[in-house]
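Undergrad: Before I ask anything, let me first share the structure, which is written out below as structure tokens.
Read-outs: derived from the displayed coordinates by stated rules, not from any lab. Predicted, not measured: the structure shown is a model, and the values here were computed from it. Backbone-built Cβ (ideal geometry, glycine too); neighbour counts: all protein chains shown.
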Amino acid sequence: MDIGLLCVDDILAIHREAIEMFGGGSEYYQDTLPKIKSVIDQQYPHFDYDKYPTPFHKAAMLWYFFTKNHCFVDGNKRVGFYAATVLLKINGYSDQVKDDEAYEKAIEITCSNFTGNDLDHYINELSIWLEKRFTH
């Protein structure tokens, strides 16, 4: 099964819409585009190894890294959650996430400080959390 993936333009559109809907600064950092590309590139297999093999793993990775990498001056948590949601929706899943659940999880991600195997484990747990809240 081919998994639909997001591109840089998708992320820029998600950010623009999030700022329009909820307010905040629409400015970019000088390194915004390279940071976005760095996150987006992780969706793809490298050297025949797919670190994030399912739509849920890819969505969890996007949510985590767009939240933590501060690609934008404002709206990083929103972009992270919306990127995960859009990826799952383009792959045929329906959103069953409650707003307060998403907010609490976004704050948890923001406050986390994982590296190495702990980060891999957390992203896996986040993928399970998403899988429980999206239906096919």
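Residues are listed down the side, and each one gets a yes or a no for (1) touching a residue at least 12 places away in the same chain (Cβ under 8 Å); (2) touching a helix residue (DSSP H, G or I) at 6+ places or on another chain (Cβ under 6 Å); (3) surrounded by 14 or more Cβ atoms within 10 Å (Cβ to Cβ):
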position	(1), (2), (3)
Leu62	yes, yes, yes
Asn69	yes, yes, yes
Phe72	yes, yes, yes
Phe81	yes, yes, yes
Leu88	yes, yes, yes
Asn91	yes, yes, yes
Lys98	no, no, no
Ser112	yes, no, yes
Ser127	yes, yes, yes
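Undergrad: Could you check Ile40 against (1) without any contact (Cβ under 8 Å) to a residue 40 or more places away in the chain; (2) surrounded by fewer than 11 Cβ atoms within 10 Å (Cβ to Cβ) and say which number it fails?
TA: Just one mismatch for Ile40, condition (2).
Undergrad: Right, something else. Take the residues in the range 23-36 that are of a type outside the set (Ser, Thr, Tyr) and more than 17 Å from Trp63 (Cβ to Cβ); name whichever of them is surrounded by the most Cβ atoms within 10 Å (Cβ to Cβ). If you could, list the steps in order and put the result at the bottom.
TA: Initially, the range 23-36 is screened for residues of a type outside the set (Ser, Thr, Tyr), giving 23-25, 27, 30-31, 33-36.
Still in the running and more than 17 Å from Trp63 (Cβ to Cβ): 23-25, 27, 30-31, 33-34.
On the way: Gly23: 10, Gly24: 16, Gly25: 10, Glu27: 10, Gln30: 6, Asp31: 12, Leu33: 14, Pro34: 11.
Among residues in the range 23-36 that are of a type outside the set (Ser, Thr, Tyr) and more than 17 Å from Trp63 (Cβ to Cβ), the one surrounded by the most Cβ atoms within 10 Å (Cβ to Cβ) is Gly24.
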